[in-house]
1. Just the Cα atoms of segment 161-232, one point each, no solvent: what log10 I(q)/I(0) does Debye give at q = 0.11 Å⁻¹?
2. If one takes the longest principal axis of the Cα atoms in the chain, at what angle in degrees, from 0 to 90 and to the nearest 10, does the Cα axis of helix 262-271 lie?
3. Could you work out the pair-distance distribution P(r) of the chain from its alpha-carbon pairs, with 20 angstrom bin width and percents rounded to whole numbers?
4. Return the percentage of antiparallel bridges among DSSP beta bridges fully within segment 185-331, rounded to the nearest 5 %.
5. For segment 73-195, list log₁₀ I(q)/I(0) at each q in 0.17, 0.20, 0.22, 0.23 Å⁻¹, using the Debye formula over Cα point scatterers of equal strength and ignoring solvent, two decimals each.
6. What is the sum of charges, Lys and Arg at +1 and Asp and Glu at -1, for the other residues whose Cβ falls under 14 Å from the Cβ of E283?
7. Could you tell me which of the pairs K243/K334; K218/K250; K194/K334; K218/K243; K49/K266 are separated by over 19 angstrom between their Cα atoms in the structure shown?
8. So what is the accessible area of segment 218-342 per residue, in Å², with the probe set to 1.4 Å?
Amino acid sequence: MRVRRSITAAVAVALAGVVALSGCSQKNPDAAAGGGGGAKRVSVAFVPKLQGIPYFEAMNTGGQRAAQELGIDWIYRGSTTADPGAQTEIVNSLIQQRVDVLVVAPNDPDSMAPVLQEARDAGIHVMTSDTDAPGSVREAFVNQATADGVGTALTDALLGAMGGSGKYAIVSCGQTAANLNSWIEVQRKVTAEKYPNAEIVDVVYAGEDEAQSVAMAKDLMNAHPDLTGLVGECTASAPGVAKAVTEAGKVGQVFTVGLGTPQSMKQYLDNGSSSAAILWDVEQLGYLTAWAGKQLADGTPLQPTNNVSSALPAVQWTDSDKQLLLGNPLRITKDNVDQYKY
């Protein structure tokens with residue numbers, strides 16, 4: 001009986017040791033991955049407006065590349081619809097996961113602000129990228145280009161194709177998207193001041209839905225028979241308005257420009273239904289986002305000019321509004337579209 005009890009006790013001790021070792025490995029899964037004596041890797045989580053469209057997938061590619069080069073963990077998690085409620089659920093799950101840095105491109109900046117406050121209260125660094133939530137506690141906004149730069153480039157490209165005069169309409173996406181709305185305000189201003197014979201006749205909102213953008217663009221052309229221009233304000237509506245003009249047989253009569261990713265716009269730049277796509281290097285925007293997240297996590301102050309990488313040697317930071325600026329917008333045409341693979 002004593003022998004049996006001794007064996008039982010020995011087995012129990014051995015099992016306890018196995019459980020203890022297993023528990024240690026589960027509690028710190030990053031120890032081996034991080035190297036350096038078990039130092040935890042910084043985790044930067046990016047929540048796009050929606051996942052699965054070329055624009056944000058290109059940002060993800062840039063973020064992944066930065067993660068490999070910087071030795072951080074990059075988490076990319078978004079909803080398949082541009083729904084503020086679904087985005088909030090994803091952000092809440094990342095707060096529960098206790099990531100080091102949370103980066104959001106908010107569909108609705110106002111509703112996202114209290115959620116970002118919850119993240120800060122939990123000790124998580126918070127940022128915005130691509131789209132800002134200026135009234136929130138975010139510590140940095142990674143801005144692709146200034147509102148003046150984007151809005152002016154869009155207006156000049158379209159009115160150049162329209163001959164400097166005529167009526168045009170805008171097919172935007174999220175009605176509460178801060179970046180889109182700021183560009184539209186600049187377009188209104190530049191049109192009124194620089195092109196007195198041009199007029200914006202309507203602004204409509206198609207969500208992040210290309211098919212809806214096509215339908216709305218056709219409706220606008222029917223409602224305004226003298227319309228000679230359309231702007232697609234995001235990467236879903238830019239190809240949408242060009243497709244609508246193509247299908248309506250109005251290439252050369254109604255001109256379009258938009259914020260479109262190069263490869264989604266290529267066929268429309270080639271057939272003349274789109275005069276130009278105004279954008280920026282989206283992969284570099286993702287890279288800069290991951291880099292900025294690491295700086296926050298490490299407690300490294302951002303400088304007025306930052307040498308981020310060989311491709312981004314002089315990224316500007318303004319402390320007054322806490323913005324990290326990628327640079328000037330790009331004008332993509334049929335002549336240079338093949339330089340960009342996304």
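1. Relative scattering, expressed as log10 I(q)/I(0), comes to -0.26.
2. Approximately 20 degrees, to the nearest ten.
3. Histogramming the chain at 20 Å steps yields 29, 48, 15, 5, 2, 0 percent.
4. Details: 7 of 13 bridges.
The antiparallel fraction comes to roughly 55 percent.
5. Reported log10 I(q)/I(0), two decimals: -0.85, -1.04, -1.19, -1.27.
6. Working: positive: R65, K341; negative: E57, E69, D130, D281.
Value of the local net charge: -2.
7. Values: K243/K334 16 Å; K218/K250 11 Å; K194/K334 26 Å; K218/K243 10 Å; K49/K266 24 Å.
Violating the 19 Å limit, Cα to Cα: K194/K334; K49/K266.
8. Details: 5140 Å² over 125 residues.
Ligands and nucleic acids excluded, the figure is 41 Å² per residue.
The values are calculated or read from the model by the stated rules, or taken from the named source; none is laboratory data. All figures in this text were calculated on a predicted structure; none of them were measured in a lab. Positions of Cβ are backbone-derived with ideal geometry, glycine not excepted, and every protein chain shown enters the neighbour counts. When the accessible area is computed, the model is the full protein with side chains, heavy atoms only, and any ligands, DNA or RNA have been set aside. Shrake-Rupley method; radii C 1.70, N 1.55, O 1.52, S 1.80 Å.
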